[in-house]
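Just so it is clear, none of the values below were taken in a lab; they were calculated from the coordinates. Here the structure is a predicted model, which is why all the values come from computation and not from measurement. Note that we place each Cβ from the backbone using ideal geometry, even for glycine, and neighbour counts take in every protein chain shown.
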Ligand SMILES: *Cc1c(COP(=O)(O)O)cnc(C)c1O
């Protein structure tokens, strides 16, 4: 115990201690944090659906009709009608033969990669992929070859080199939208490579699903290449405003995972209320309200980023509603985040190991229902607070 205490003190001294804040209200553009109202700039509730009346009503009705718990894992007695309806709806929406619901994005990435690959196989993984992909790769026992972020020449060089003594399956795996930089994987080029070298392509669209593409189908729709993505993974906890995750893929892949993915097999399935909210979210996202909310989010992003870019800040090449603001070292990054919090702006300071050393950043995430005035005011305050902190350290 004493050793744990010492380690915690040491973390705090280096500005690296993480702790929890308590939110006392529903997730909206403004939230109450420990009793004080803040502008929320670090939620993944991009379309504002997490507290939408249609989702809330769907969850309540399903809970009344079917209860709070599914009672078992899917392969025992926990495969309820709602799981099957959600999977059919998803496969229809994504245009695939089949879909499979997982309990979270973390569980999905773990289970998909572990369930499909083994020690004879090779994964080609972008350096900035989400931690759940990295953990899934480890769990699979496959050989993992990491290529520099979005570097297609480096990826092709690795694939060419590996071709000589190829044995097992090959999987290229990327985030559609990268969670810390807010930039996109070049899916058009990845599709060409996966075809040339006969690999599977898996896209984790946690941040693109619901947001990108004319009908919200995600990064694949944005690039017009969904049909060529073998494994379309996404989550319900972000733009969908609910909880859980899915894989849309061929029937053979889904049936394999039902038999092999440990995170799918050995865990109680999602409860009825969550499943019904997910179904309501798909309807909303696919319809005109989804389209309106996507347009509003794109407008908000342009407005907010423009003010920061005009002030000379480095936004790490962000192309989306995830807007990182590069600072560098952990201490000033956290000092700026704390000062902004005192001034009513709740955003996150991001440090290693989440991002590489020397690239600590503030990370703002935008929502469709932030107002123009809120975002303008917040962006100006961010610019002024960064300037103040940097001046103090000169
Ligand atoms: C959030 C996220 C996940 C994990 O999803 P959860 O449903 O929150 O477990 C996986 N991949 C990426 C890229 C994410 O951003």
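Ranking of 351, 294, 160 by neighbouring Cβ atoms within 10 Å, starting from the fewest: 160, 351, 294.
Computed from the Kirkwood radius of its Cα pairs, the Stokes-Einstein diffusion coefficient for the stretch 231-386 at 37 °C and 0.692 mPa s stands at 181 µm²/s.
Rounded, prolate or oblate: which one fits the stretch 337-394, using the alpha carbon gyration tensor with axes a ≥ b ≥ c (rounded when a/c is under 1.5, else prolate when a/b beats b/c, else oblate)? Since a/c reaches 1.5 but b/c is at least a/b, the shape of the stretch 337-394 is classed as oblate.
With both labels modelled 7 Å from their Cα along Cα-to-Cβ, the residue 36 to residue 338 distance reads 1.3 nm. Just need the relative contact order of the stretch 35-171 here, percent rounded to a whole number, with Cα pairs under 8 Å and 6+ apart. In percent, rounded to a whole number, it is 17. Placing a pseudo-label 7 Å from each Cα along the Cα-to-Cβ vector at residue 251 and residue 64 gives an inter-label distance of 3.8 nm. The calculated FRET efficiency for residue 384 paired with residue 7, based on their beta-carbon distance and R0 = 35 Å, is about 0.45.
In plain terms, the bigger the Kirkwood radius, the slower the diffusion; for the stretch 53-286, with that radius from Cα pairs, at 25 °C and 0.890 mPa s, Stokes-Einstein puts D at 138 µm²/s. Given the Cα-Cα distance of residue 89 and residue 189 and 0.36 nm per residue of separation, how much length would full extension add, in nm? Taking residue 89 through residue 189 to full extension adds about 33.1 nm, to one decimal.
Return the FRET efficiency for the residue pair residue 160, residue 306: r is the Cβ-Cβ distance, R0 is 51 Å, and the value is rounded to the nearest 0.05. The formula returns an efficiency of 0.80 here. If you take the Cα centroid of the stretch 241-263 and the Cα centroid of the stretch 1-69, the two points sit 26 Å apart. For the chain, the mean residue ellipticity at 222 nm estimated from helices alone is -14000 deg cm²/dmol, where every DSSP H run of n ≥ 4 contributes -39500 (n - 2.57) and the total is divided by all residues, rounded to the nearest 500.
Counting pairs of alpha carbon atoms under 8 Å apart in space and at least six apart in sequence, what relative contact order in percent does the chain give? Value for the chain: 22 percent.
If the chain linking residue 373 and residue 138 were pulled fully straight, counting 0.36 nm for each residue of separation and taking away their Cα-Cα distance, it would gain 80.0 nm. In whole percent, what relative contact order does the stretch 53-286 give with Cα contacts below 8 Å and a gap of six or more residues? Relative contact order here is 32 percent. Derived from the Cα gyration tensor, the three semi-axes of the equivalent ellipsoid of the stretch 261-344 are 35, 22, 13 Å, largest first. Taken over the chain, the alpha-carbon convex hull comes to 161 cubic angstrom per residue. A straight chain from residue 23 to residue 97 at 0.36 nm per residue would run longer than the Cα-Cα distance by 22.6 nm.
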